[in-house]
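Engineer: First, the structure itself, so that you have it in front of you.
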């Protein structure tokens, strides 16, 4: 190929002049491999040429040529190749940040290889976990061995490899190691992962040192990390959008119709607010293999989005009372001791009772007067605004106030057939359950003639008398659903009747049109009831109340921070996705743009779970309930408090936030109301679903043809002609809703036949 044998020693042949120091015309280096010329398929000559210096340096310094190549001793090998003396690189020569980035990338590659081995059945699960633990230990030891370690602040928000590693860790923790036989192995994996992340992240290091225990994976709200976003948030937003807008004639993106209460919650999951990854949380009342296989395909789509399947479901946050909450045997014992210690017994009610019954605060317990079971929470006070010049006949209703709660709390058709039922707040359900508990204790001690037992009996008798003084006995008409007959019962009620329901609903409605006239396809839940408040009650402020020390929950909840001053608008970019062009979840549409309000800390006070905290999630939740697909704003409970955010009985409570915590609001004093709670996840009680307040007010305006406002909120464009008014047939309410105003104010008769004191 290169010519005949006569040209084999051609001095003009330059094999590789770019790396050879031989002058033109000099001989090239001949290696010992020349003897194997007969095996070459590229040359017909008996000799080969190479620039490989290793063959030259391997020769003996004295002979330089092996005995097998003596016939070529007359060759002049020329100048040897230049060897640069480059010292071996050390860790100190690297930029510290770049070094750790490289190490995290190597860790991800190693862990990926291990999980691939497990997926291909090359190793078992235990071996895979042990190998991953070894990789984590290796990195931890490497960091410990560095002479000078800078404070690192690696998080899943600034490092792609750490996100991928976190997803694999969560996959093992949430799915692969759920069996009890892997408990110890699971804890060992968590411990070593904690060790590594505490060295990589300054915030997490302080968190673990103060916590003094292993931090396990938890759910956080999207945007809870100071409003920062993770890659692929737009993907999750598109999935939820497609689900909530699924046409009734077409199959939705995911089949969750089979189980009532199923949901998909887009959250972030991890160890802390800055060490987490995006997560699609699938909740099913009874998850099956079908559900796990369905979601497994999603797991493989994105290497930094975790998919979690749990036994969970969405439930209405309404309590069906069968026993007195928070009044167990231990509490009864302490209650008994307190009654014995004083000659004039003083007792604390196991439910909220305002110190001034004529100035009710927000978040009182509430139920229909005729209800023996269903209860919820009265959120706060609102008022209708009309132009008195256009509707002067409504002037007589000025300064009336209305309270709101959820429709499913106040419109229980199973227990109430009254068209406009009266409500009790504090709710009579708990009052009578508490009285029954006191009676049981009184009768228990009455059967014993011991002196100490008599003291206890007298104490419980005194408590019963005080209860009757604070909550007088009244006669009430109730409807027996079994016999279909009305009957009268005697129950304890607050001294002043709270109000009467004049309108309510719980239904799916079309979202309102945009300002440009575009109609939105999305439907939303309207679950609210309007209660006309007794005129004897002063409801001029939305005040958290002075009967509870809210500063024990949050030191800043004092003074002005106990009053609602603003409505926080949660309007999203409604036309973010064009469904006509959205053929695939990954199609190119406008990028996700989480508003600055998302992720802010919020709280609520409900009649069941009391004061709880959480963070506003940056993406809506979608769920299947009562034969329809719903989407809802929701709150993820605060990990710091590690308690349930909501439970049955909390329906109607307002979702509130301090104005100082809301970036988009200039005010720093007072509270902002975001919306009203209507549901929660029944298994773990971590999510609180709510309707935004601006949607509630818009719905009321649509129904009544009157603009509504929140009591205590100063609105810029109000003028002197705008006043608070009651409603009549012109407002859109039913014509009988305000009929019999005198009857509304007096209502029930006392048990002894006298009228209730000072109701109006």
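The values are calculated or read from the model by the stated rules, or taken from the named source; none is laboratory data. Since this is a predicted model, take the numbers as computed values, not measurements. Neighbour counts run over all protein chains shown; Cβ positions are idealised from the backbone, glycine included.
Engineer: Out of the range 208-237, which residues are part of a helix (DSSP H, G or I), touching a strand residue (DSSP E or B) at 6+ places or on another chain (Cβ under 8 Å) and surrounded by fewer than 19 Cβ atoms within 10 Å (Cβ to Cβ)? Talk me through it step by step, then tell me what you get.
Structural biologist: Going residue by residue through the range 208-237, those that are part of a helix (DSSP H, G or I) are 208-211, 233-237.
Filter once more, so that each one left must be touching a strand residue (DSSP E or B) at 6+ places or on another chain (Cβ under 8 Å): 233, 235-237.
Answer for the range 208-237, where residues must be part of a helix (DSSP H, G or I), touching a strand residue (DSSP E or B) at 6+ places or on another chain (Cβ under 8 Å) and surrounded by fewer than 19 Cβ atoms within 10 Å (Cβ to Cβ): just 235.
Engineer: If we scan the range 673-681, do we find a residue that is surrounded by fewer than 24 Cβ atoms within 10 Å (Cβ to Cβ) and either touching a strand residue (DSSP E or B) at 6+ places or on another chain (Cβ under 7 Å) or within 19 Å of residue 380 (Cβ to Cβ) (or both)? Before the answer, list the steps.
Structural biologist: Pass one, the range 673-681, residues surrounded by fewer than 24 Cβ atoms within 10 Å (Cβ to Cβ): none.
Within the range 673-681, not a single residue is surrounded by fewer than 24 Cβ atoms within 10 Å (Cβ to Cβ) and either touching a strand residue (DSSP E or B) at 6+ places or on another chain (Cβ under 7 Å) or within 19 Å of residue 380 (Cβ to Cβ) (or both).
Residue by residue, here is whether (1) at pLDDT below 90; (2) over 16 Å from residue 244 (Cα atoms); (3) touching a helix residue (DSSP H, G or I) at 6+ places or on another chain (Cβ under 8 Å) holds:
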| site | (1), (2), (3) |
| --- | --- |
| 533 | no, yes, no |
| 538 | no, yes, no |
| 549 | no, yes, no |
| 552 | no, yes, no |
| 567 | no, yes, yes |
| 570 | yes, yes, yes |
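Engineer: Could you run through the range 476-488 and say how many residues are more than 44 Å from the chain's Cα centre (by Cα) and assigned to a strand (DSSP E or B)?
Structural biologist: Let us first name the residues in the range 476-488 that are more than 44 Å from the chain's Cα centre (by Cα), namely 483-488.
Of the ones still in play, those that are also assigned to a strand (DSSP E or B) are 485-488.
Total satisfying the criteria: 4.
Engineer: Answer with yes or no whether residue 127 is loosely packed, with under 15 Cβ neighbours inside 10 Å and either part of a helix (DSSP H, G or I) or touching a residue at least 24 places away in the same chain (Cβ under 8 Å) (or both).
Structural biologist: Values: loosely packed, with under 15 Cβ neighbours inside 10 Å: yes; either part of a helix (DSSP H, G or I) or touching a residue at least 24 places away in the same chain (Cβ under 8 Å) (or both): yes.
Considered against the rule, which asks whether it is loosely packed, with under 15 Cβ neighbours inside 10 Å and either part of a helix (DSSP H, G or I) or touching a residue at least 24 places away in the same chain (Cβ under 8 Å) (or both), residue 127 comes out as yes.
Engineer: For a quick check of your reading of the model, give me the residue pairs whose first member lies in the range 451-472 and is crowded, with 17+ Cβ neighbours inside 10 Å, whose second is at pLDDT below 85 and part of a loop (DSSP other than H, G, I, E, B), with beta-carbon atoms closer than 7 Å and at least 6 apart or on different chains.
Structural biologist: Correct list of pairs: 459/345; 462/345; 463/345; 463/347.
Engineer: Kindly establish whether residue 99 is at pLDDT below 95 and in the same structural domain as residue 164 (by TED's automatic domain parsing).
Structural biologist: Numbers: at pLDDT below 95: yes; in the same structural domain as residue 164 (by TED's automatic domain parsing): yes.
Spelling it out, residue 99 is indeed at pLDDT below 95 and in the same structural domain as residue 164 (by TED's automatic domain parsing).
Engineer: So, of the residues in the range 631-644 that are surrounded by fewer than 21 Cβ atoms within 10 Å (Cβ to Cβ) and either part of a strand (DSSP E or B) or at pLDDT below 80 (or both), which turns out to be nearest to the chain's Cα centre (by Cα)? It would help to see each step written out before you state the result.
Structural biologist: Filtering the range 631-644 down to residues surrounded by fewer than 21 Cβ atoms within 10 Å (Cβ to Cβ) leaves 638-644.
Adding the requirement that they be either part of a strand (DSSP E or B) or at pLDDT below 80 (or both) leaves 639-643.
Working: 639: 10, 640: 13, 641: 14, 642: 13, 643: 13 Å.
The qualifying residue nearest to the chain's Cα centre (by Cα) is 639.
Engineer: Related question: Quick check, is residue 251 at pLDDT below 60, outside the structural domain of residue 213 (by TED's automatic domain parsing) and out of contact with any helix residue (DSSP H, G or I) (no Cβ under 6 Å at 6 or more places or on another chain)? Don't jump to the end; show me each part of the working.
Structural biologist: On the way: at pLDDT below 60: yes; outside the structural domain of residue 213 (by TED's automatic domain parsing): no; out of contact with any helix residue (DSSP H, G or I) (no Cβ under 6 Å at 6 or more places or on another chain): yes.
No; evaluated as a whole, the condition is false for this residue.
Engineer: Where in the range 366-475 are there strands (runs of 3 or more DSSP E), lying fully within it, with 3 or more residues that are within 25 Å of residue 675 (Cβ to Cβ) and modelled with pLDDT of 85 or more?
Structural biologist: Hits in the range 366-475: 374-378, 380-387, 402-405.
Engineer: On to the next question. Take residue 619 and decide whether it is over 30 Å from residue 555 (Cβ atoms), under 14 Å from the mean Cα position of the chain (by Cα) and surrounded by 22 or more Cβ atoms within 10 Å (Cβ to Cβ).
Structural biologist: So residue 619 fits the description; yes.
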